[in-house]
1. Between Gly32, Gly67, which is assigned to a loop (DSSP other than H, G, I, E, B), farther than 21 Å from Arg175 by Cα and in contact with a helix residue (DSSP H, G or I) (Cβ under 8 Å, 6 or more places away or on another chain)?
2. Anything in segment 328-387 that is assigned to a helix (DSSP H, G or I) and surrounded by fewer than 17 Cβ atoms within 10 Å (Cβ to Cβ)? List them, or say none.
3. Looking at this structure, is Ala401 of a type in the set (A, V, I, L, M, F, W, C), within 22 Å of Thr350 (Cβ to Cβ), at pLDDT 95 or above and buried (at least 20 other Cβ atoms within 10 Å of the Cβ)?
4. Can Ile74 be described as more than 23 Å from the chain's Cα centre (by Cα), touching a residue at least 24 places away in the same chain (Cβ under 8 Å) and assigned by TED's automatic domain parsing to the domain that holds Asp218?
5. Please identify the pairs in which a residue from segment 455-469 that is more than 17 Å from Asp171 (Cβ to Cβ) has its Cβ atom under 9 Å from the Cβ atom of a residue that is part of a loop (DSSP other than H, G, I, E, B) and of a type in the set (Phe, Trp, Tyr), counting only partners at least 6 apart or on another chain.
6. Take Ala283 and decide whether it is at pLDDT 95 or above and either outside any strand (DSSP E or B) or among the polar types (S, T, N, Q) (or both).
7. Can you pull out the residues in segment 174-188 that are farther than 22 Å from Tyr242 by Cα and without any contact (Cβ under 8 Å) to a residue 40 or more places away in the chain?
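The values are calculated or read from the model by the stated rules, or taken from the named source; none is laboratory data. Remember, predicted model here, so these are calculated numbers, not experimental data. Here the Cβ positions follow ideal geometry from the backbone for every residue, glycine too, while neighbour counts run over all protein chains shown.
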Amino acid sequence: MGGFFAVASKEDCVFDLFFGTDYHSHLGTRRGGMAVYGEKGFDRSIHNIENSPFRTKFEKDVNEMKGNYGIGCISDYEPQPLLVRSHHGTYAITTVGKINNTNEIVNSIFNTGNTHFLEMSGGDINATELVAAIINQKENLIDGIRYAQELIDGSMTILLLTAKGIYAARDRMGRTPVAIGKKDGSMCAAFESFAYLNLGYTDYRELGPGEIVVFTPDSLVTLAAPGKELKICTFLWVYYGYPSSSYEGISVERMRYNCGKLMAQRDNVKPDIVAGVPDSGTAHAVGYANESGIPFSRPFIKYTPTWPRSFMPTMQTKRNLIAKMKLIPVHDLIQNTSMLLIDDSIVRGTQLGETTEFLYQSGAKEVHIRPACPPIMYGCKYLNFSRSTSEMDLIARRVIARLEGDKANDPEVLDRYADPDTPEYETMVEEIRKELGFTSLRFNRLDDMLKAVEIDPCKLCTYCWNGKE
């Protein structure tokens, strides 16, 4: 995943850029960067943020960088923003998204005369560099950005900083958001709309799918009108988004309350308490508790003084250990208690299985698990949601493989397992329950989850749950 922030100001923009970018730290764990343009031209800084937060790494830079225009990013993968010198002049660029047809595009660009791309340490090409190369195939930036949106299979939202203004382009299907904020003498663009509120900005508007704009401190001009079809990622509300975030006019916290409420209406267990796995499961649990009348409780607390977000090693076993170490138990709320625990999702299942085992060891009588979304059946094609290298990392797909053998990847078979009203679905859920040791397991239904968002379901991407684009 990743997040971004941009500022165009009549005054120095670095303070707003620094804190606006930092407010996106929940969206990425590997790289942070800022680029500004001022009297001395372009200036840029990129740091590794795997072992310490963005704010700590950029404290020196924020005191040294000067400029009226700036873009910043938090990235889970490639270093960015990049400074690019081309026939369009010099510009800085940052992106959020995923490119599925990288090799095809690279070969096409080689055939038109591009000499090389720099490989990152893992051997991949920097996606932001590739986007810049696509843009540079056209005669002007607007045509280049539009060409990139058309050419890329996947999703790509772009911020591009020039000496005259900042271009912002939402991905073609609007899978990720772009919110515009405004205050006297400044305008900004952000992935998360809450990122600019404490900096004195007010909501101006959200870009539509595929819309391209350019903005300065005084104005915002639409260069390419928004498309009519929207497919925003539903998982933004379920998990990714910060509680105070809002997309398409619906806040994350409100959606999660709705989600928990609808889950409670379909449930029939009567535990002693309802709890959420911090942080993203908490609001779902509040909604469930409010609707069911079962007391909300916090049997474990997330330790945040030195771990405001997870340091995430590349090895999955170590990632699981780090995630577990953040949760501190409150034993007298666990012992001899029947609890219903809500998490945002079950992906691989390892972490939630270990959490449940830990609760039993701490004296829990029952642990009923209620994921706030349906079983994840497909790896995300658009937002790098999961680091999984194979869909067989997903616990639902592993169980289906055991049950179906050679037919496990048949689309018709997968459709039956994704349908909550089929016996195949019930069998899969029971197998997951037994494997992970839950007292009971009931996933949220797709129709209820979509209803909780309160916008037209046709505008929501559900690919990771049902494979439908």
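1. Of Gly32, Gly67, the one residue that is assigned to a loop (DSSP other than H, G, I, E, B), farther than 21 Å from Arg175 by Cα and in contact with a helix residue (DSSP H, G or I) (Cβ under 8 Å, 6 or more places away or on another chain) is Gly67.
2. Those that are assigned to a helix (DSSP H, G or I) and surrounded by fewer than 17 Cβ atoms within 10 Å (Cβ to Cβ): His331, Asp332, Glu354, Glu357, Phe358, Tyr360, Gln361.
3. The answer is no for Ala401.
4. On the way: more than 23 Å from the chain's Cα centre (by Cα): no; touching a residue at least 24 places away in the same chain (Cβ under 8 Å): yes; assigned by TED's automatic domain parsing to the domain that holds Asp218: yes.
In short, no.
5. Trp465/Tyr378; Asn466/Tyr378; Gly467/Tyr378
6. Spelling it out, Ala283 is indeed at pLDDT 95 or above and either outside any strand (DSSP E or B) or among the polar types (S, T, N, Q) (or both).
7. Residues satisfying the conditions are Lys183, Asp184.
Here is a yes/no grid of residues against (1) closer than 19 Å to Phe235 by Cα; (2) in the same structural domain as Val96 (by TED's automatic domain parsing); (3) at pLDDT 95 or above:
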| position | (1), (2), (3) |
| --- | --- |
| Gly379 | yes, no, no |
| Leu414 | no, no, yes |
| Ser440 | no, no, yes |
| Val453 | yes, no, yes |
